[in-house]
Amino acid sequence: MSNPLVGIVMGSDSDWPLVQKAADTLKSFEVPYEVRVISAHRTPDLAFEYARDAESRGLKVIIAAAGGAAHLGGVLAAHTVLPVVGIPVAGGALNGLDALYATLQMPSGIPVATVTLGSAGPTNAALLAVQILGTADSELREKFRQYKQGLRQKVLDGDKKVNG
């Protein structure tokens, strides 16, 4: 997409089937984004360059998805002033618990906002990015407000359906 505002970075292309939900959510809000595969451990120089140059390229938020040791979010956050939202990816011997802890347990001064494991994680990461962008974009903030109203209506409709 031209002039991306959000960078979606994943540690492996095998994460894409899950992480694509973040891209789909951003697309539904008409937020331009880019997608990259960058490993904190196998391509640390690329991770550093990506984070260092993100702001000057116009990005406003970075979403970082990683499993296993899941250091990607923290590595990116260490090299940028932009907000980083981490998606811990389930898998491996600990079924994502290691990724969750690695994403959550950042030292003071290196914040990584962390969303849930599982299918809701990428959607929530994108929604958090939309909210962050919406602090400076009233049109986007209104789209998010309408989205929230849609969630409310869905629950009310479900209640009517169940209670006839």
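Taken together, the values in this text are just the output of simple stated rules run on the coordinates, not laboratory data. Nothing here was measured: the structure is a model prediction, and the numbers come from that model. In this analysis, Cβ positions are derived from the backbone assuming ideal geometry, glycine residues included, and neighbour counts consider all displayed protein chains.
Tabulated results
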| item | result |
| --- | --- |
| Rounded to 10°, Cα long-axis angle of helix 16-28 versus longest principal axis of the chain | 50 |
| Prolate/oblate/rounded call for the stretch 1-54, Cα gyration tensor, a/c under 1.5 rounded | oblate |
| Listed residue (Thr135, His79, Ile38) projecting farthest to the positive dipole end of the chain, Cβ model | Thr135 |
| Sequence-separation-based contact order of the chain, relative, with Cα cut under 8 Å and 6+ spacing, percent | 21 |
| In degrees, nearest ten, helix 120-134 long axis to first principal axis of the chain (Cα) | 90 |
| Least to most buried among Lys21, Lys154 (fewest other Cβ within 10 Å first) | Lys154, Lys21 |
| Assigned charges on the beta-carbon of Lys, Arg, Asp, Glu; the chain dipole about Cα centre (debye) | 540 |
| Sorted by Cβ density within 10 Å, fewest first, the residues Ile132, Ile63, Ile8, Ile38 | Ile132, Ile38, Ile8, Ile63 |
| On Cα atoms only, tilt of 138-163 relative to the major axis of the chain in degrees | 50 |
| Subset of Lys27/Lys160; Lys21/Lys143; Lys27/Lys161 violating a 24 Å alpha-carbon distance limit | Lys27/Lys160; Lys27/Lys161 |
| Kirkwood Rh, angstrom, the stretch 1-150 [1 / mean 1/r, Cα pairs] | 15.0 |
| Computed helical MRE - 222 nm, the chain, DSSP H runs ≥ 4 contributing -39500 (n - 2.57), nearest 500 | -15500 deg cm²/dmol |
| Residues Thr43, Thr114, Thr25, Thr135 arranged by fewest to most Cβ contacts within 10 Å | Thr135, Thr43, Thr25, Thr114 |
